[in-house]
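Written out below as structure tokens is the structure these notes cover.
The values are calculated or read from the model by the stated rules, or taken from the named source; none is laboratory data. Remember, predicted model here, so these are calculated numbers, not experimental data. Positions of Cβ are backbone-derived with ideal geometry, glycine not excepted, and every protein chain shown enters the neighbour counts. Quick note on the areas: whole protein, heavy atoms, side chains included, nothing else; ligands and nucleic acids left out. Shrake-Rupley method; radii C 1.70, N 1.55, O 1.52, S 1.80 Å.
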Amino acid sequence: MNFAIVGCGHIAKKHAEAIMHAEGASLFAVCDTVTEKMEPFIKEYNIEGYHHFEELIANDSVDVINICTPSGFHADLAVKAANAGKHLVVEKPIALTLEDSQKIIDVCKENNVKLSVVHPNRFRPVMIEIKELMNQGKLGKLSHANATVRWNRNQEYYNQAPWRGTKSLDGGVLMNQAIHNLDLILWLMGDVDEVYSMSATRLRDIEAEDVSTGVVRFKNGSLGVIEAATTIYPQNLEETISLFGETGTVKIGGRNATFIEHINIEDLDDQESNTLIEKIKADPFGKPGHQWIIEDMVKAIVEDRSPVVTGEDGKKALSLVLALYESSDQNTPIKVQD
């Protein structure tokens, strides 16, 4: 399958490397309005460069478009690509509004093209193992969960591009950084019914929030606590997910939620738990998540099935972020929209 990347910013490099290493995928072209951003990709991968998106999607050799632009541009580009018959891999978040996310989902269905949203952390070895334990019911009835992102993004980070930290094109810590963590908590715990949140812009000179705290009630009755910040001094401290059930407790931690920091499950003895901990330590990242996404897209097209991470999954994570925003703005509990 021939893939083309639109938007040659920081994340595009991960997409290019993932495509180059993915079985059944080939990097065909890149597209950006700024020539200087495309040149390194054109030279390194010996591919074509397009200034105009319409010319790129008119090329019949292109099978899949990877959208890596600022988030506020996702919907317009996705609609045009789907209408041109191109399958889509869209960077997180799928869009910045529920209306735009649904528009993307609908146009892909109308044109019978596949849509995947980049939430690659599901494919980390620790997440795969813990998800399987939860699927087996090893934690029993769930009590509550905590999702924490304590990272640093200094002012220089936001100053790199004028769209960073803006509400119209980017969003704050929830929309940009913690949305991966939110996707994971939804994947592990199930859909959220209601949220109550507070957020603030404390240390960074940006429009959106740099710190947010909130509580959630999942549809299964369990509760959750969400904390996210880019204000941590002087560098990333941790990303953790803690899960508490009737017959099991698990804490996934490290700077990027890659290790088992604690596990105590009724049906696992000490040897089994330690073996699992050491297995994860030996290969904490496994196959890169972006490569998983690309290879899954190829298989989804060949097998004519939905990708593992769907447009609906992307919309759920976005819906949770927007509910947290609305709750903070109105200082009241908010129901999460389906």
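Odds and ends about this structure:
- Burial ranking of peptide ranges 85-92, 100-107 (average Cβ count within 10 Å, highest at the top): 85-92, 100-107
- Less than 5 angstrom separates the built amide H of HIS144 from those of LEU223, PHE244, all sequence-distant by 5 or more or on a different chain.
- Within region 120-172: Cβ-based charge dipole about Cα centre, in debye rounded to nearest 20 (Lys, Arg +1; Asp, Glu -1): 140 debye
- P(r) of region 293-338 over all Cα-Cα pairs, binned every 10 Å from zero, in whole percent: 27, 32, 21, 16, 5
- Summing Lys and Arg as +1 and Asp and Glu as -1 over all other residues whose Cβ lies under 12 Å from the Cβ of HIS10 gives a net charge of +3.
- Distant-in-sequence amide H partners of GLU91 (H built 1.01 Å from N, under 5 Å): ILE67, VAL118
- Residue-count net charge about GLU129 - beta-carbon cut-off 13 Å; Lys, Arg +1, Asp, Glu -1: +2
- Whole-number percent relative contact order across the chain, with pairs defined as alpha carbons under 8 Å at least 6 apart: 20 percent
- Residue with peak Gaussian network fluctuation, the chain [Cα springs, cutoff 10 Å], from ARG122, ARG153, ARG305: ARG305
- Note that region 167-270 presents 43 Å² accessible area per residue, ligands and nucleic acids not counted, probe 1.4 Å.
- Across LYS86/LYS316; LYS43/LYS131; LYS37/LYS86; LYS14/LYS131, pairs whose alpha-carbon gap is larger than 30 Å: LYS43/LYS131
- Considering only alpha-carbon pairs that sit under 8 angstrom and 6 or more positions apart, the relative contact order computed for region 89-229 is 25 percent.
- Shape summary: region 241-322 maps onto an equivalent ellipsoid whose semi-axes, from the alpha-carbon gyration tensor, are 30, 18, 13 Å in decreasing order.
- For region 206-338: relative contact order, % (alpha-carbon pairs under 8 angstrom, 6 or more apart): 11 percent
- q = 0.11, 0.23 Å⁻¹, region 17-91: log10 I(q)/I(0) [Debye, one scatterer per Cα]: -0.26, -1.22
- Value of [θ]222 nm, deg cm²/dmol, for the chain, DSSP H segments ≥ 4, -39500 (n - 2.57) each, nearest 500: -11500 deg cm²/dmol
- Distribution of pairwise C-alpha distances over region 129-214, 5 Å bins, in %: 3, 12, 21, 21, 14, 11, 8, 6, 4, 1
- Taking every DSSP bridge with both residues inside the chain, close to 60 percent are antiparallel.
- Under 5 Å, built H, 5+ apart or other chain: amide partners of TYR50: VAL30, CYS31, ASP32
- Net charge of neighbours whose Cβ lies under 10 Å from the Cβ of GLY85, counting Lys and Arg as +1 and Asp and Glu as -1: -1
- Over region 50-196, the fraction of Cα-Cα pairs per 10 Å bin, rounded to whole percents and listed from the shortest bin up, is 10, 32, 32, 21, 5, 0.
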